[in-house]
Structures are given as structure tokens and as C-alpha cells.
Amino acid sequence: MRERFWERYSLGELNSKEWEALCDGCGQCCLQRYVDGNMVTVYGVACELLDIDSARCKDYPNRLRKVPSCHRLTPTSVPKHYGWLPETCAYRRLYKGKPLPAWHPLLIGDRSKMRKKGITVSHYAIPSGSVSRRQMERHVIARWPVSRLQKRRATGAVTPKTRRP
């Protein structure tokens with residue numbers, strides 16, 4: 001990987017290793033979401049492929065085939081998914097011209113600081129099979145409006161990674 005590539009190149013100029021290295025492994029984008037009109041609801045319920053303890057996908061190469069609501073984040077899809085990526089997400093931050101958070105593994109060398117700060121979902125997420133549809137409302141961890149800009153960029157009325165509770 002090129003030295004401090006995240007400061008020197010745009011998302012579209014990164015090679016595949018650099019692109020993957022941007023992911024801090026927090027697991028926040030692997031939480032179930034529901035988009036209704038202008039509101040995104042995030043649940044503390046993990047995708048069925050998320051290893052909650054490590055906050056990593058159990059089958060990353062096959063995730064798109066196994067989980068229809070999963071997405072492939074690319075330089076061209078970041079604007080479309082921007083509204084539901086966590087504010088700490090490196091892809092979101094770099095897209096908006098912001099620096100990586102101070103705890104990011106690329107800056108400090110490992111994930112220990114982000115774990116101490118509680119950035120990963122490993123301390124609160126629950127497995128997807130442990131919650132019925134009726135109980136989903138008890139596990140809401142965040143709601144926010146999808147910006148008008150986001151809605152214009154999105155293809156269709158519902159953003160990806162959407163699941164009905």
C-alpha cells in the first residue's frame with residue numbers, strides 16, 4: 001500500500017488493498033436498517049453473516065450472494081449509500097473531504113483504541129435470529145432523516161441494505 005494513501009488519493013484512485021484497508025471493521029454498516037420515506041432506522045441487530053465478537057463478516061467473499069440486502073461499496077456507490085453509513089466511516093469521511101478519525105487503525109496500527117472507545121458493534125449487537133419482527137422496535141439504536149441530496153442521488157425510493165422489521 002502507498003504511504004498515507006487516504007490523504008493523497010481520491011477514493012476512485014485507490015487500489016483494492018487500499019480500499020479494503022479503509023474499513024475500520026466497526027461492523028456498523030452490518031446492522032439491520034429500514035428506510036421508510038425520509039427516515040433511516042438502525043437496529044442493534046446484526047446481519048446473519050456478521051461475527052459479532054470480531055465485528056467482521058464470516059463470509060465476506062460470498063456476502064452479496066448469501067445476503068440479498070448486502071451491498072458492495074465502491075467509489076461510485078459511496079454517494080448513493082452516504083446517508084446510512086455511520087458518521088465515523090472512512091469512506092463517508094473521505095468522500096466529504098474529512099480526515100480519518102484519530103482512532104482509525106490506519107493511523108494507530110491496530111483496532112485496540114477503537115474497541116476501547118466502543119466504536120465496534122461487538123459490545124451491543126445481537127444476532128439476527130434472536131429477534132422477532134414484533135420485537136425489532138425494542139432494538140432501535142438510531143434514526144435519522146435521509147438528506148434531500150441523498151434522495152436525489154439514490155436510485156429508487158429505498159436505499160440498499162434495507163430490511164423491513
List every residue whose amide H lies under 5 Å from the amide H of residue 50, counting only residues 5 or more places away in sequence or on a different chain, with H placed 1.01 Å from N in the peptide plane. 58
Antiparallel bridges, percent of DSSP beta bridges restricted to the chain (to nearest 5): 85 percent
Amide H neighbours of residue 142 under 5 Å, at least 5 residues apart or on other chains, H built in the peptide plane: list them. 42
So the FRET efficiency between residue 54 and residue 124, C-beta based with R0 = 25 Å and rounded to 0.05, is 0.95
Please give the length that would be gained between residue 98 and residue 10 if that part of the chain were fully extended, namely 0.36 nm times their separation in residues minus their C-alpha to C-alpha distance (nm, one decimal). 30.5 nm
Over the Cα atoms of segment 5-153, each weighted equally, I'd like the Debye log10 I(q)/I(0) at q = 0.11, 0.19 Å⁻¹, rounded to two decimals. -0.43, -1.36
Along segment 30-47, Karplus-curve 3J(HN,Hα) (6.51, -1.76, 1.60; θ = phi - 60°) to the nearest Hz, with x for Gly and Pro, reads 9, 8, 5, 9, 9, 10, 10, x, 9, 10, 9, 10, 10, 9, x, 10, 7, 4
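Where a number appears in this text, it was derived from the coordinates with a stated rule and is not lab data. Only a predicted model underlies this, so the values are computations on that prediction, with no experimental measurement involved. Ideal geometry is used to build each Cβ from the backbone, glycine not excepted, and the neighbour counts take in all protein chains shown.
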